[in-house]
Every structure is written in structure tokens, then in C-alpha cells.
Ligand code: HEM
């Protein structure tokens, strides 16, 4: 029984049949897989950066400097974290264009297109919160503009801004909240959405075949 479940787990990870046309690199350019790789690189390097980063308005910027000039290989991991984040945005956009051009969003894959679009939104927000964590002048004003814009959304803007950014006046609480979104809440939601994305690919018979 135990062996059977292990075998079926293995079979689940490795699909028995993939049409040759879908497996061709010139069909997907492996853009979704590369985006996943960037996400994993972000988790790994982000966990290392957490060892030195300090989320408070007086210590955030100096702690980033410490990562760059004092932490062993800190500048390497920070640069990988930065560039993998930028690449993730580019790869996901290219992946979306590929899916559109090959008509892979058509039924039965329309829900996976929507899941992907939500993932794209989370990738943008994750990128933006990371940019704010440095807490230099640019981050402070970007935070102020983003908070004010959110605050002005009709009907629920004030409540929404409070949930996303915390109280209107900048304090340590603002950075702790940003930090929580960036390192925990958003990555956890993204991990869940990616799992759903992969599961839907399997459920819909694997990657689409060329039109
Ligand atoms: C973090 C973001 C994303 C990751 C990691 C990801 C990952 C993947 C992977 C690995 C595949 C398998 C085929 C391939 O590699 O091209 C795939 C397929 C697919 N993705 Fe994404 N994706 C993401 C975002 C998106 C976005 C933004 C959209 C569209 C709005 C989207 C829509 C789809 C659809 C419809 C398929 C099925 C395509 C087919 O069967 O040919 N995905 N995704």
C-alpha cells in the first residue's frame, strides 16, 4: 500500500505522456519553468537576506548597507535577489504573451489564464514591496504616493490603505507591515497560486498542443 502511494506520487510528478509538439522548446520557450526557477531563487536568497535585514525606519537602510559591505557574500545574494526579481517580471510577461499568441488561454484553460493574471498582479506587488524595504528617500516617497493613491479609492480606500500600509503616519509599524507582506504573506499566496496553476495544467491534460 505504502509502495503504491509512492509510485503514484512519482507518476504524478512525471507525466507518462507529453505530446512531442508541446515539449518542443520553441513552443513554450520554458518561460513558465524559468519564472518558477526565479521565484525559487528569490525564496532562497531572500531567506539569507533576512539574516541581516532590520525592518525599522532608522535601521532598514543601514542594515542594507551592512548586507552590501559587511555580511559574507551579502552583495552577491542581494544582487541575485534584485536581478532574479526583475527577470521574474520580464519572464512572466513573456510567458503571458506566449500563452496568448499560441491561443493556450482558450477553453478548457481559461481559468488558468485568470489564475496566471492574478499571479502577475502578485509579482508586481511583491516587486514593489521589495523596492520599498530599502527605505531610502525614493522608497519613502513611493510609499507616501502609493498610500495616498490607495486612500483615495472610492468607498473602501481608507480601510484598504490601512490594511496594506498601516496608519497614515510613517513609523516602524509601516516597515514591519511591508516586511510581513514581502517575506511572508505575498510569497505564501504566490506559492499557493503557483501550485494551483500547475495542478490546473495537469488537470487540463498537460500543456496545450499548437493550434
Ligand atoms: C509567477 C507566474 C507564473 C508561473 C511561475 C507560471 C508557470 C507556468 C508553467 C510552468 C506553465 C507550463 C507551460 C510553460 O512553461 O509555458 C504554465 C502554463 C500556463 N500559464 Fe503560467 N505561469 C505564470 C504566470 C502566468 C500568467 C501571467 C498567465 C496569463 C495571464 C499564465 C497563463 C498560463 C496558461 C493559460 C498556461 C497553459 C498554457 C498551455 O497549456 O500551453 N501564467 N505556466
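The values are calculated or read from the model by the stated rules, or taken from the named source; none is laboratory data. Nothing here was measured: the structure is a model prediction, and the numbers come from that model. Here Cβ is always computed from backbone atoms with ideal geometry, including for glycine, and neighbour counts include all displayed protein chains.
From the list 128, 122, the lone residue that is surrounded by 13 or more Cβ atoms within 10 Å (Cβ to Cβ), within 22 Å of residue 54 (Cα to Cα) and within 16 Å of the ligand (Cβ to nearest atom) is 128. The single condition among (1) assigned to a helix (DSSP H, G or I); (2) within 16 Å of the ligand (Cβ to nearest atom); (3) loosely packed, with under 12 Cβ neighbours inside 10 Å that residue 90 does not satisfy is (3). Look at the stretch 104-125: where a residue is under 16 Å from residue 198 (Cβ atoms) and assigned to a loop (DSSP other than H, G, I, E, B) and a partner is near the ligand (Cβ under 8 Å from one of its atoms) and modelled with pLDDT under 95, sitting 6+ places away or on another chain with Cβ atoms under 8 Å, you get 104/207; 104/208; 108/204; 109/204; 109/208. Within the stretch 22-38, being near the ligand (Cβ under 9 Å from one of its atoms) and not in a helix (DSSP H, G or I) holds for 29, 30.
When 132, 140 are checked against the criterion of being part of a helix (DSSP H, G or I), touching a helix residue (DSSP H, G or I) at 6+ places or on another chain (Cβ under 6 Å) and over 30 Å from residue 100 (Cα atoms), a single residue qualifies: 132. Filtered by the rule that a residue be in a loop (DSSP other than H, G, I, E, B), buried (at least 16 other Cβ atoms within 10 Å of the Cβ) and in contact (Cβ under 8 Å) with a residue 40 or more places away in the chain, the stretch 156-203 gives a lone residue, 170. Residue check: residue 81 meets all listed conditions (1) buried (at least 16 other Cβ atoms within 10 Å of the Cβ); (2) more than 28 Å from residue 165 (Cβ to Cβ) but one, namely (2).
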